[in-house]
1. May I ask you to list the residues in segment 321-343 that are surrounded by fewer than 23 Cβ atoms within 10 Å (Cβ to Cβ), farther than 26 Å from residue 405 by Cβ and within 13 Å of the ligand (Cβ to nearest atom)?
2. Restricting the search to segment 344-382, which residues are near the ligand (Cβ under 10 Å from one of its atoms) and either surrounded by fewer than 19 Cβ atoms within 10 Å (Cβ to Cβ) or outside any loop (DSSP other than H, G, I, E, B) (or both)?
3. Any idea how many residues of segment 127-177 are modelled with pLDDT of 90 or more, outside any strand (DSSP E or B) and within 31 Å of the chain's Cα centre (by Cα)?
4. For segment 503-596, please list each of the helices (runs of 4 or more DSSP H) lying entirely inside it that holds at least 1 residues being modelled with pLDDT under 80 and within 16 Å of the ligand (Cβ to nearest atom).
5. Is it the case that residue 411 is among the charged types (D, E, K, R), under 17 Å from residue 334 (Cβ atoms) and at pLDDT below 90?
6. Any residue that is within 16 Å of the ligand (Cβ to nearest atom) and outside the structural domain of residue 594 (by TED's automatic domain parsing) - is there at least one of those in segment 420-440?
7. Specify which of the listed residues (234, 222) is more than 26 Å from residue 80 (Cα to Cα) and at pLDDT below 90.
8. Looking for something assigned to a loop (DSSP other than H, G, I, E, B), farther than 28 Å from residue 218 by Cβ and among the aromatic types (Phe, Trp, Tyr) - is there at least one such residue anywhere in segment 112-126?
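The values are calculated or read from the model by the stated rules, or taken from the named source; none is laboratory data. On a predicted model such as this, the values are computed, not experimentally measured, just so you know. So basically every Cβ, Gly included, is an ideal-geometry build from the backbone, and we count neighbours across all protein chains shown.
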Amino acid sequence: MFTHNSYIHQFTDMMSEGFIFIDHQGNIQIYNRKAKEIFGVIHNQGIGHEAGRLEPDDIVIIADNCLGKDDGGLTPKDLSILGIRDKGLEMGDSIIAIGVYKGEKILPVYKYRKGHENWDTLNLEAYYCDLDIDVSIDNRNREIHICVNQQDFYIEFVNSIGHIVIVEGQTQKVKFYQSRGYTVRGESIGDILKGKPYRAKGKGTEELNVIGKNIFEIHMGGPTINEFYDAATGKDLHYRDKFREINGRSTLCTLLPVDHEGKRMGAVLKVEDISELRRVIRERDEALKSVDEMERKLRDHKTENYLFPEITGESQELFYAKKLAYKASKTNSTVLLLGESGTGKTLFARAIHDESKYHNQPFVHINCASIPENLLESELFGYEKGAFTGAKNEGKIGLFEAARGGTIFLDEIGELTPYLQGKLLQALQSKTFIPVGGTKTITVEVRIIAATNKNLEEEMLQGRFREDLYYRINVFPIMIPPLRQRKQDIHSLVYALLPKICERIGSGKKAISGEALQALVYYDWPGNIRELENVLERAANIAEGSTILSSHLAIPRDKRQISEKSNQIRSIKEVLEETERKAIERALRISGGKKQAAMKALGIGKTQFYEKLKKYKLDSSENRN
Ligand SMILES: Nc1ncnc2c1ncn2[C@@H]1O[C@H](COP(=O)(O)OP(=O)(O)OP(=O)(O)O)[C@@H](O)[C@H]1O
């Protein structure tokens with residue numbers, strides 16, 4: 001009845017979904033164009049080839065991502081026809097194999113992965129029988145590529161699939177390649193290897209006539225096709241838009257029985273191919289993953305920003321230093337804080353300790369410049385009783401020991417004498433020391449943070465600081481820029497520090513006038529934040545009213561005139577020079593004072609670089625590396 005109704009065929013061919021109708025015996029009556037496309041009955045993929053069968057001496061290339069599944073039952077044993085007899089190979093394994101059909105004289109090449117292993121791609125490249133062969137199974141993108149002399153034959157898959165390309169031994173021409181719809185065409189690898197004929201492919205190829213054939217001739221069994229048959233033969237089964245896999249393709253299916261005058265006539269199956277949709281979903285998942293990644297990065301960025309709230313300032317320069325400090329806090333490495341006096345090195349050292357895993361352990365701060373040289377050794381390493389005149393009878397533990405398990409902060413490390421530098425180096429290297437006047441070696445695990453306002457590299461080059469100690473402590477350098485290079489922080493510093501200062505000195509709350517604030521911004525702050533604190537404290541003390549005015553600020557008058565100066569027009573040369581100076585300062589700062597690195601970053605030659613350092617007085621020494 002349906003076979004002769006050409007209108008029905010025409011109409012169903014116009015549908016964008018696959019549509020199959022089988023009668024009450026399971027014979028196909030309608031199989032529309034889209035269904036043929038989905039299941040590969042119509043075949044226009046690739047270059048095409050003639051019909052044929054596998055012959056001895058043909059070169060066979062196989063890529064199968066799960067032996068025994070969905071490939072027409074290809075087993076490890078089947079591969080013996082190519083000379084592969086590997087006892088380690090089992091069902092469920094993935095394999096790439098190249099061999100000659102029944103060609104016992106030419107050994108096969110192959111590579112496989114066990115089924116339980118987790119991997120993304122399996123790849124085999126070979127020059128085999130004068131052919132350039134490159135095969136890959138890409139589990140992530142769900143594709144198998146077999147490239148023969150740069151000709152790519154690829155196949156997509158959902159769960160598992162087998163792909164095969166056959167090259168004629170004599171002519172070296174591709175005589176068969178696997179593609180979508182192989183089950184419908186009865187061309188599984190298993191069948192092909194057993195010598196079953198395959199159909200021609202490509203334009204003008206005769207279409208496989210499915211009408212009138214039993215559904216099981218065209219589709220291998222499987223839950224969906226079984227249900228389809230059951231519904232057609234009388235079972236009361238129906239569903240709408242369900243995800244089903246048919247012949248290894250992901251589909252969205254609607255199944256409906258067809259009754260006429262109370263009698264079961266058959267069933268229809270409407271099929272939407274969602275492999276494409278899967279690809280889109282995968283792409284979307286990947287996009288979401290990168291959004292997640294991005295969000296995580298942003299979160300980290302935010303955390304770093306909010307991390308050390310006691311370190312006030314929003315400048316990029318400070319943010320960069322904070323970021324490094326945060327990273328340093330999560331390692332055990334020795335940290336070297338570099339920066340002028342009053343820039344916040346102690347604050348950073350404390351913040352690193354508090355954020356580290358040692359935060360419940362002691363934090364011991366020692367200023368190497370403030371202790372007389374003859375006492376420093378015993379302060380650091382302790383002494384035994386009676387070690388020297390004036391020593392306590394019972395002896396004393398040193399700061400290294402007091403810091404056991406925690407952090408020792410060696411401030412102004414550049415002030416250490418050569419003798420103490422040697423002692424310190426020994427302690428850092430061996431994590432042991434001998435107290436003054438003692439004989440017993442003491443072992444301590446302690447995290448070192450050192451700080452200096454000197455240019456240690458310069459000190460080292462001048463022979464005033466031991467090179468070995470310099471490298472030992474310069475593991476994680478963090479440069480804290482001076483306030484004049486991050487004037488942007490002045491506002492927030494004033495607003496954070498002033499209330500605390502007022503509370504401490506009991507002056508009552510004080511505000512600051514716009515003019516005073518502007519004067520603070522224009523000043524160059526050689527003493528950095530410590531100087532800013534002092535200026536604010538003094539101003540809060542002398543201001544009688546509730547507002548600090550510029551007249552209350554103890555900063556040199558001529559140095560706050562820059563505001564007026566900045567209104568003057570400057571020559572281009574002046575502006576360019578200032579920009580140049582700033583660029584060099586910034587490069588030196590970011591490279592932690594390392595001249596080679598700064599020079600490289602600036603992209604200028606050595607002579608030019610040193611000339612400019614001299615010109616802008618950024619370096620006292622002229623003849624350095
Ligand atoms: N970013 C900041 N936010 C708030 N207070 C700061 C900041 N930086 C520094 N300070 C304050 O400035 C003062 C000087 O800082 P700190 O003692 O840490 O500097 P330093 O570099 O160790 O100085 P020195 O080299 O003279 O020892 C301290 O009172 C500190 O709390």
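1. 339, 340, 341, 342
2. Of everything in segment 344-382, those that are near the ligand (Cβ under 10 Å from one of its atoms) and either surrounded by fewer than 19 Cβ atoms within 10 Å (Cβ to Cβ) or outside any loop (DSSP other than H, G, I, E, B) (or both) turn out to be 345, 346, 347, 348, 349, 350, 351, 365, 367, 369, 370.
3. Going through segment 127-177 one residue at a time, the tally reaches 0.
4. Details: elements: 514-522, 528-542, 562-565, 572-590.
By residue number, 572-590.
5. no
6. no
7. Working: 234 fails: at pLDDT below 90.
It is 222.
8. There is at least one residue in segment 112-126 that is assigned to a loop (DSSP other than H, G, I, E, B), farther than 28 Å from residue 218 by Cβ and among the aromatic types (Phe, Trp, Tyr).
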